[in-house]
Amino acid sequence: MIAPTSDYVLFATHFNEVQDYLIEQCRSHSKVFVLCDENTLELCFPILVEHCEPLSKAEILVVEPGEQSKTLAIAEQLFMQLMDSGADKRSLLINLGGGVITDIGGWVGANYKRGIDFIHIPTSLMAMTDAAIGGKTGLDLGDYKNMIGLVAFAKCTLVCSSFLETLPPTELLSGRAEMVKHALLCDQSCYDDTMSNILLDEPLDLDDLIFSAKVKLDVVSKDPFEHNIRKSLNAGHTIGHALESWFLSQGRPVAHGIAVAAGLSIEIQISTMCFPESKLPAQEIALNLIDAFQLRSLDWPEADQWMHYAQQDKKNTDGQIRMALIKDFGQCDIETVATLEQMKAAYAHFRALLAL
Ligand SMILES: NC(=O)c1ccc[n+]([C@@H]2O[C@H](COP(=O)([O-])OP(=O)(O)OC[C@H]3O[C@@H](n4cnc5c(N)ncnc54)[C@H](O)[C@@H]3O)[C@@H](O)[C@H]2O)c1
């Protein structure tokens, strides 16, 4: 096995368009394993088997749905199941699910016996446009998000939009947050279109899904191991992850995209402090994010309750918090140092906007 160093993504509307590829992959590996969560086992796996007969003999690995499964303990159980079921270096792991499954399945696949082939079949919008692309794998450490992981590219990612038919509306909305981030990193008209579609509750346009996934693909292809431009994809994530960690610690997790939407609204305010010359309509964007992602419906913590999570962020160096800040449409400063005071002030501003 030669580990891939870039993405190979096939886009399809229905699974029958990519079934031949999967059948061939199943036949060319010694044994096939499918990692699902309980929901994707019930709702998505039967569609795979219908189109790919060899999968009827695959070993199924199942975890509980949700962020709580992204742990070392669950990964260890999966390693043991692979070993007990005779997985060898020529085995194939198919990760069928949302970002939790592609994150943990990618990590397990990349580490089991120092790496076996794995294929992502994303079933949530979040995973189709973001998590299953770019090779980042990850586990949480306690409540701290994605503290363990590595960049390991799937042999292939099969993006098949018909899986979205069973995705709950709240999860669809969550996926649209990363689409807004990709749009902000593109240009104003892309942002305007993406945001107005969400605010008007327009059905997701599949061309928009593919466009958004390709924004990420393009950035990752230029900088797969995040030395420079790839850092821009972390916009909204320093504070988004910190807030997500806090909600997780309280036993009431929020969808990743909802945390990212909040993170973007707050970090855009920090951007106005760091780049006073910026012409970005920060307040308007923040209010749109608050409306579009229904951020008023959550019970937000005090700043002191989540800031320590941001201090552990992977992007920080020399004890300084570093953020990827969007400073204009299509422009991101990838390593701005932000102070705790700026974060507190931006969060206070966000809370004031929530009250409008
Ligand atoms: N590696 C990366 O680059 C990257 C990027 C973005 C997000 N992530 C990670 O992805 C995770 C979030 O991903 P997510 O939002 O997909 O969460 P998720 O995997 O928990 O899926 C959300 C929910 O939707 C259900 N679901 C998924 N597909 C379904 C379908 N087709 N029909 C019915 N239900 C379905 C799942 O069972 C789950 O309950 C976070 O852990 C985040 O950190 C990683």
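The values are calculated or read from the model by the stated rules, or taken from the named source; none is laboratory data. Since this is a predicted model, take the numbers as computed values, not measurements. Positions of Cβ are backbone-derived with ideal geometry, glycine not excepted, and every protein chain shown enters the neighbour counts.
Restricting attention to segment 214-249, which residues are farther than 16 Å from Thr137 by Cα, charged (D, E, K, R) and within 11 Å of the ligand (Cβ to nearest atom)?
Glu244, the sole residue that qualifies.
Looking at segment 143-189, which of the residues that are free of Cβ contacts under 8 Å to residues at least 40 places away in the same chain and more than 12 Å from the ligand (Cβ to nearest atom) is farthest from the chain's Cα centre (by Cα)?
Here is the first cut: in segment 143-189, the ones free of Cβ contacts under 8 Å to residues at least 40 places away in the same chain are 165, 168-169, 183, 189.
Next cut, more than 12 Å from the ligand (Cβ to nearest atom) only: 183, 189.
Numbers: Ala183: 15, Ser189: 24 Å.
If we take residues in segment 143-189 being free of Cβ contacts under 8 Å to residues at least 40 places away in the same chain and more than 12 Å from the ligand (Cβ to nearest atom), then Ser189 is farthest from the chain's Cα centre (by Cα).
Let me confirm something: among Ile133, Ile94, Ile119, Ile104, which residue is near the ligand (Cβ under 10 Å from one of its atoms), outside any helix (DSSP H, G or I), in contact (Cβ under 8 Å) with a residue 40 or more places away in the chain and not polar (S, T, N, Q)?
Working: Ile94 fails: near the ligand (Cβ under 10 Å from one of its atoms); Ile119 fails: near the ligand (Cβ under 10 Å from one of its atoms); Ile104 fails: outside any helix (DSSP H, G or I).
Within the list Ile133, Ile94, Ile119, Ile104, the selection yields Ile133.
Scan segment 298-317 and tell me whether some residue there is more than 16 Å from the ligand (Cβ to nearest atom), closer than 21 Å to Thr129 by Cα, assigned to a strand (DSSP E or B) and in contact with an Asp or Glu (Cβ under 9 Å, 6 or more places away or on another chain).
Within segment 298-317 (the criterion being more than 16 Å from the ligand (Cβ to nearest atom), closer than 21 Å to Thr129 by Cα, assigned to a strand (DSSP E or B) and in contact with an Asp or Glu (Cβ under 9 Å, 6 or more places away or on another chain)), the answer is no, since none of the residues qualifies.
Say whether the condition of being within 15 Å of the ligand (Cβ to nearest atom) and in a loop (DSSP other than H, G, I, E, B) is met by at least one residue in segment 72-89.
Among the residues of segment 72-89, not one is within 15 Å of the ligand (Cβ to nearest atom) and in a loop (DSSP other than H, G, I, E, B), which makes the answer no.
What's the total number of residues in segment 19-52 that are more than 16 Å from the ligand (Cβ to nearest atom), in a loop (DSSP other than H, G, I, E, B) and either hydroxyl-bearing (Ser, Thr, Tyr) or farther than 20 Å from Ser91 by Cα (or both)?
So the count comes out to 2.
Suppose we keep only residues that are touching a strand residue (DSSP E or B) at 6+ places or on another chain (Cβ under 7 Å) and among the β-branched types (Val, Ile, Thr) within segment 143-174. Which one would you say is nearest to Pro224 (Cα to Cα)?
As a first pass, look at segment 143-174 and keep what is touching a strand residue (DSSP E or B) at 6+ places or on another chain (Cβ under 7 Å): 146-149, 151, 154-160.
From what's left, among the β-branched types (Val, Ile, Thr): 148, 151, 157, 159.
Numbers: Ile148: 18, Val151: 8, Thr157: 16, Val159: 20 Å.
Ranking the candidates gives Val151 first.
Tell me, please, whether a residue that is within 16 Å of the chain's Cα centre (by Cα) and modelled with pLDDT of 95 or more can be found in segment 191-210.
yes
If you scan segment 268-297, which residues turn out to be buried (at least 16 other Cβ atoms within 10 Å of the Cβ) and either within 16 Å of the ligand (Cβ to nearest atom) or without any contact (Cβ under 8 Å) to a residue 40 or more places away in the chain (or both)?
Matches in segment 268-297: Thr272, Ala282, Phe293.
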